[in-house]
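The values are calculated or read from the model by the stated rules, or taken from the named source; none is laboratory data. Remember, it's a predicted structure, so these values are computed and weren't measured experimentally. All Cβ positions, glycine included, derive from the backbone under ideal geometry; neighbour counts span all protein chains shown. For the accessible areas, the whole protein counts, side chains as well, though only heavy atoms, and no ligand, DNA or RNA atoms are used. Shrake-Rupley method; radii C 1.70, N 1.55, O 1.52, S 1.80 Å.
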Protein chains: 2
Amino acid sequence: MERPLDRNSYVPLYAQIQQKLRQMIDRGEIAPGAPVPSERELAERYGVSRMTARQALRALRQDGLVYRERGIGTFVARRKVDVHTRNLVGFSEDMRQRGLAPSSKLIALRRERATQQVAAELGIAAGEEVFHLERLRLADGTPMAYETNYIPASLCPDLETYDLERDSLYRILEEEHGIRMQSADEVLEAARAPRREARYLSIRAGSPVLVVHRVVYGDNGRAIESVRTIYRADRYRATFHLTKNTL
Amino acid sequence: MERPLDRNSYVPLYAQIQQKLRQMIDRGEIAPGAPVPSERELAERYGVSRMTARQALRALRQDGLVYRERGIGTFVARRKVDVHTRNLVGFSEDMRQRGLAPSSKLIALRRERATQQVAAELGIAAGEEVFHLERLRLADGTPMAYETNYIPASLCPDLETYDLERDSLYRILEEEHGIRMQSADEVLEAARAPRREARYLSIRAGSPVLVVHRVVYGDNGRAIESVRTIYRADRYRATFHLTKNTL
DNA sequence: TAGTGGTCTAGACCACTAT
DNA sequence: TAGTGGTCTAGACCACTAG
C-alpha cells in the first residue's frame with residue numbers, strides 16, 4: 001500500500017504527489033521510457049480527484065522529467081543532456097546541482113545611485129539607491145565566473161550585514177526578506193574576456209567567455225535584481241530545457 | 001459586448017481566450033502594469049467555467065506576458081528585455097520574431113550512417129541512417145550562423161526533395177510529416193570560431209562565437225533532431241524567459 | 001467585507017491508441 | 001472495447017489583500 005498524503009500539510013496535494021513521483025524517477029524505480037501511473041490511477045491511489053493528479057504530472061512534464069502521449073500514457077523521459085533545469089536558480093544552487101562546491105570572493109559591495117541604464121533595467125528612477133555587488137565565483141575552489149549584481153537598496157537595506165562570501169544572495173532575499181522570485185529574463189552572448197575580469201578568472205584577456213545578463217522579477221512583477229555574470233568558456237555551459245508553450 | 005468564443009472550433013476554449021488576451025496586450029489595449037480581467041470575470045464574460053479561464057491565464061504567465069499576485073489580481077508584465085520567448089522555434093521563426101528576414105545557403109545534405117555520438121544523442125543505434133544537413137544561415141542577407149543538423153532518416157525519408165534554402169526544416173517536419181515537437185534540451189557555450197565555419201560567417205578564425213547545441217524531442221519522447229548552431233557573437237544573443245517551476 | 005488567485009472535487013465528453 | 005490524456009463544468013474552501 002501507498003503512504004497516504006498529508007492533508008494537513010501546507011504543501012499542496014499535487015506538490016506532494018509530484019515529489020513522490022520525482023523521487024521514484026530520480027532513484028530509478030521507474031526506468032526511462034517506462035510508464036508513470038496514469039492520472040486516474042494516481043487519483044485513486046492517493047485519494048484525490050483526477051484534476052489534482054493531473055496537476056502533478058503537468059509540473060513534471062514542464063520540468064522535462066516525463067513526456068505524455070495522448071491515448072497511451074505518461075512516460076519517464078530519456079534524458080540525453082544532463083539538464084539542470086535552471087529553474088531560476090542562482091550560482092550557488094547551480095553549482096550544487098552540478099555536484100560542485102560553490103564559494104565566492106567578495107570584490108566590492110557598496111551603495112550607490114543607479115545609473116540611467118541600471119535604473120531602466122530595475123524599473124526604478126535614475127539616482128535611486130542600489131547595492132552594487134561584485135564577486136568572483138568559484139567552484140571546487142577554482143575560478144568559474146565573475147558576477148556583478150545590482151539590487152534596489154529599498155528591497156534589502158541591511159545587505160551589508162550578511163556574509164556574501166559564504167551566503168547565497170537568493171537565500172538572503174527569499175528567506176530573510178520574504179522576497180519571492182517569480183520569473184526572469186536572460187540574455188546570453190559570447191564575448192572576449194575584458195582585461196580586468198580575465199585577471200580574476202585566471203584566463204588571458206580576450207579569451208572567449210559566456211556572458212549572461214539576467215533580470216529577476218518578483219511575484220509582484222517588479223525587478224529584484226540585475227546581474228551580469230561572465231563565465232569562463234572552458235569551464236561552463238548553460239543548459240536549458242525548453243517546452244512547447246500552451247500547456 | 002464581447003465576441004463570443006467558437007465552441008465548435010478545434011481550438012480549445014482556453015486557447016481562444018488566451019489568444020484574445022494576448023492580442024489586447026500586444027496592441028497595448030491593456031498597458032503594462034494594468035490588470036487583466038480576473039478569472040471570475042473572464043469566466044462570466046466568455047461563459048466558461050473558472051478553471052477554463054484560469055488555464056488561459058496560466059499559459060500567459062508561463063510566457064511571461066502577465067504576472068499574478070494572490071489576493072490582488074493578474075497584471076500585464078512590464079517587459080525590460082525584448083524576450084522572444086524562444087518557445088522551441090527554429091532559426092527561421094527566431095529571425096522573423098526579431099524582425100529579420102531569414103534565408104539559407106545549403107552547404108551539404110547527405111544520407112550517412114550515424115556515428116556513435118550522433119546515435120547517442122538521437123537515441124538510435126550507431127550505423128542507422130541519418131540526414132546530415134549543413135546550412136549557412138542569413139538574416140537580412142548577412143551571415144548570422146552556421147548550422148549542422150542530424151535527423152533520423154526514418155523520420156523523413158524524402159528530405160532531399162525539399163528546398164532547404166527557402167523552406168523551414170521545422171515546418172517540413174511538422175506540417176508535411178506530422179511530427180510534433182514537444183520539448184528540447186539546449187546547451188549554450190562560448191567558443192572560438194573554427195577556421196572553416198569562420199570563413200562562411202565572414203569573421204576571423206578564433207573570433208568569439210556562441211555555440212548552441214540542441215536536441216529536440218517529439219511528443220512520443222523520441223529525439224527528432226540534433227542541431228549545432230554557431231552564431232556570430234557580434235550579431236546574435238540568445239534570450240530566454242525563465243519561470244519558477246510548479247505552476 | 002468583498003474580491004483575488006490557489007487548490008480541490010466529482011463528475012463529464014472527446015479524440016486517440018492498442019488489443 | 002478499454003484505457004489514456006485533453007478539455008470542461010459548476011461548484012467549493014482557503015489565504016491573502018484592499019478599502
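Out of (1) assigned to a helix (DSSP H, G or I); (2) modelled with pLDDT of 90 or more; (3) of a type outside the set (A, V, I, L, M, F, W, C), what's the single condition that is false for A:ARG61?
Of the numbered conditions (1) assigned to a helix (DSSP H, G or I); (2) modelled with pLDDT of 90 or more; (3) of a type outside the set (A, V, I, L, M, F, W, C), the odd one out for A:ARG61 is (2).
Name the residue, out of A:GLY141, A:GLY127, that is open to solvent by less than 60 Å² (accessible area, probe 1.4 Å), free of Cβ contacts under 8 Å to residues at least 40 places away in the same chain and on the phi > 0 side of the Ramachandran plot. Write out each step before concluding.
Working: A:GLY141 fails: free of Cβ contacts under 8 Å to residues at least 40 places away in the same chain.
After applying the criteria, what remains is A:GLY127.
Open to solvent by 40 Å² or more (accessible area, probe 1.4 Å) and either at positive phi or within 18 Å of the chain's Cα centre (by Cα) (or both): is that true of B:ARG180 in this structure?
Working: open to solvent by 40 Å² or more (accessible area, probe 1.4 Å): yes; either at positive phi or within 18 Å of the chain's Cα centre (by Cα) (or both): yes.
Yes; evaluated as a whole, the condition is true for this residue.
A:LEU42 - would you say it is in the same structural domain as A:TYR162 (by TED's automatic domain parsing) and either touching a residue at least 12 places away in the same chain (Cβ under 8 Å) or within 16 Å of DNA strand D (Cβ to nearest atom) (or both)?
Values: in the same structural domain as A:TYR162 (by TED's automatic domain parsing): no; either touching a residue at least 12 places away in the same chain (Cβ under 8 Å) or within 16 Å of DNA strand D (Cβ to nearest atom) (or both): yes.
No; evaluated as a whole, the condition is false for this residue.
State whether one or more residues within region B:143-157 are in a loop (DSSP other than H, G, I, E, B), out of contact with any Phe, Trp or Tyr (no Cβ under 6 Å at 6 or more places or on another chain) and within 28 Å of B:ALA205 (Cα to Cα). Before you say what the answer is, go through the steps one by one.
Initially, region B:143-157 is screened for residues in a loop (DSSP other than H, G, I, E, B), giving B:156-157.
Applying the additional criterion that residues be out of contact with any Phe, Trp or Tyr (no Cβ under 6 Å at 6 or more places or on another chain) yields B:156-157.
Going one step further and asking which of them are within 28 Å of B:ALA205 (Cα to Cα), we end up with none.
No, that holds for no residue.
Checking the structure you have, find out if any residue of region B:4-18 is of a type in the set (A, V, I, L, M, F, W, C), away from DNA strand C (no atom under 14 Å from the Cβ) and open to solvent by less than 30 Å² (accessible area, probe 1.4 Å). Don't jump to the end; show me each part of the working.
Filtering region B:4-18 down to residues of a type in the set (A, V, I, L, M, F, W, C) leaves B:5, B:11, B:13, B:15, B:17.
Imposing the further condition that a residue be away from DNA strand C (no atom under 14 Å from the Cβ) reduces the set to B:5, B:15.
Now restrict to residues that are open to solvent by less than 30 Å² (accessible area, probe 1.4 Å): B:5, B:15.
Yes.
Here are the criteria: (1) more than 7 Å from chain B (Cβ to nearest Cβ); (2) outside any loop (DSSP other than H, G, I, E, B). Tell me which single one A:THR239 does not satisfy.
(1)
Here are B:GLY206, B:GLY218: which of them is modelled with pLDDT of 95 or more and within 13 Å of another protein chain (Cβ to nearest Cβ)?
Result of the check over B:GLY206, B:GLY218: B:GLY206.
Please indicate, with yes or no, whether at least one residue in region A:148-156 is away from DNA strand C (no atom under 16 Å from the Cβ) and within 14 Å of chain B (Cβ to nearest Cβ).
Taking every residue of region A:148-156 in turn, at least one turns out to be away from DNA strand C (no atom under 16 Å from the Cβ) and within 14 Å of chain B (Cβ to nearest Cβ).
Consider B:ALA114 carefully, then state whether it is more than 12 Å from every other protein chain (Cβ to nearest Cβ), farther than 20 Å from A:THR243 by Cα and either modelled with pLDDT of 90 or more or within 16 Å of DNA strand D (Cβ to nearest atom) (or both). Full working, then the answer.
Details: more than 12 Å from every other protein chain (Cβ to nearest Cβ): yes; farther than 20 Å from A:THR243 by Cα: yes; either modelled with pLDDT of 90 or more or within 16 Å of DNA strand D (Cβ to nearest atom) (or both): yes.
When the stated conditions are applied, B:ALA114 passes them.
Considering each of B:ARG166, B:ARG228, B:ARG199 in turn, give the residue that is within 20 Å of B:ILE107 (Cβ to Cβ), assigned to a loop (DSSP other than H, G, I, E, B) and either modelled with pLDDT under 90 or open to solvent by 40 Å² or more (accessible area, probe 1.4 Å) (or both).
Step by step, each of B:ARG166, B:ARG228, B:ARG199 is checked, and only B:ARG166 is within 20 Å of B:ILE107 (Cβ to Cβ), assigned to a loop (DSSP other than H, G, I, E, B) and either modelled with pLDDT under 90 or open to solvent by 40 Å² or more (accessible area, probe 1.4 Å) (or both).
Taking region B:21-56 only, how many residues are away from chain A (no Cβ under 13 Å), charged (D, E, K, R) and either outside any loop (DSSP other than H, G, I, E, B) or within 12 Å of DNA strand C (Cβ to nearest atom) (or both)?
6
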